[in-house]
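Colleague: Pasting a structure below so you can have a look.
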Amino acid sequence: MAFDELLAQRIRLSLEMYPPETQSLITEKKMFGGMVFLLKGKMTIGVLKEKLMVRVVPEKMTKIFDNPFVEPMDFIKKPMKEFIFVLPPGLESEEMLQHWIILGIEHARRKLTL
């Protein structure tokens, strides 16, 4: 198993809380050896093994590392710009997961308005 299917399902269920016009813009794609969720073609979040990948707007990147369950996404052996990994303890509740989804969607929306 390349990615945590249960976590991917939790994300799908969380995304159902968004208005239909937002839901219709979200697609899934296998990438990075896992599953990613895109908003109008822009990556928001994804699942790689048991970790959650999240794209974060630049001005929140420094503070985000204050969270003990966050680490740089070093998929290519060097930190990727605007990407983080959230470890499983940072995903225990649906509220915690929703926090990361909101950050990922914020990043995608920002990219779409440029």
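Colleague: If I filter segment 62-114 down to residues being acidic (D, E) and in contact (Cβ under 8 Å) with a residue 40 or more places away in the chain, which single residue comes out as nearest to F3 (Cα to Cα)?
Modeller: By that ranking, first place goes to E94.
Colleague: Let me ask something else about it. Between residues in segment 42-61 that are at pLDDT 95 or above and residues that are of a type in the set (S, T, Y) and in a strand (DSSP E or B), which pairs lie under 8 Å by C-beta distance while being six or more apart or on different chains?
Modeller: Here the result reads V54/T44; R55/T44, each pair linking segment 42-61 to a residue that is of a type in the set (S, T, Y) and in a strand (DSSP E or B).
Colleague: Could you grab me the full set of residues in segment 42-68 that are buried (at least 20 other Cβ atoms within 10 Å of the Cβ) and charged (D, E, K, R)?
Modeller: Across segment 42-68, the qualifying residues are K51, R55.
Colleague: Go through segment 97-111 and report how many residues are surrounded by 19 or more Cβ atoms within 10 Å (Cβ to Cβ) and touching a helix residue (DSSP H, G or I) at 6+ places or on another chain (Cβ under 6 Å).
Modeller: So the count comes out to 2.
Colleague: Taking F32, is it within 17 Å of P79 (Cα to Cα), aromatic (F, W, Y) and touching a residue at least 24 places away in the same chain (Cβ under 8 Å)?
Modeller: yes
Colleague: Looking at V70, is it touching a Phe, Trp or Tyr at 6+ places or on another chain (Cβ under 6 Å) and under 18 Å from M96 (Cβ atoms)?
Modeller: no
Colleague: Tell me, which residue of segment 1-41 that is within 11 Å of I105 (Cβ to Cβ) and of a type in the set (V, I, T) is surrounded by the most Cβ atoms within 10 Å (Cβ to Cβ)?
Modeller: If we take residues in segment 1-41 being within 11 Å of I105 (Cβ to Cβ) and of a type in the set (V, I, T), then I26 is surrounded by the most Cβ atoms within 10 Å (Cβ to Cβ).
Colleague: Sort out for me the strands (runs of 3 or more DSSP E) sitting completely within segment 1-101 that have 3 or more residues that are closer than 26 Å to T113 by Cα and within 13 Å of the chain's Cα centre (by Cα).
Modeller: Where strands (runs of 3 or more DSSP E) fall fully within segment 1-101 and carry at least 3 residues being closer than 26 Å to T113 by Cα and within 13 Å of the chain's Cα centre (by Cα), they are 26-31, 34-39, 42-48, 51-55, 83-86.
The values are calculated or read from the model by the stated rules, or taken from the named source; none is laboratory data. Quantities reported herein were computed from a predicted structural model and do not represent experimental measurements. Note that each Cβ is placed from the backbone with ideal geometry, even for glycine, and that neighbours are counted across all protein chains shown.
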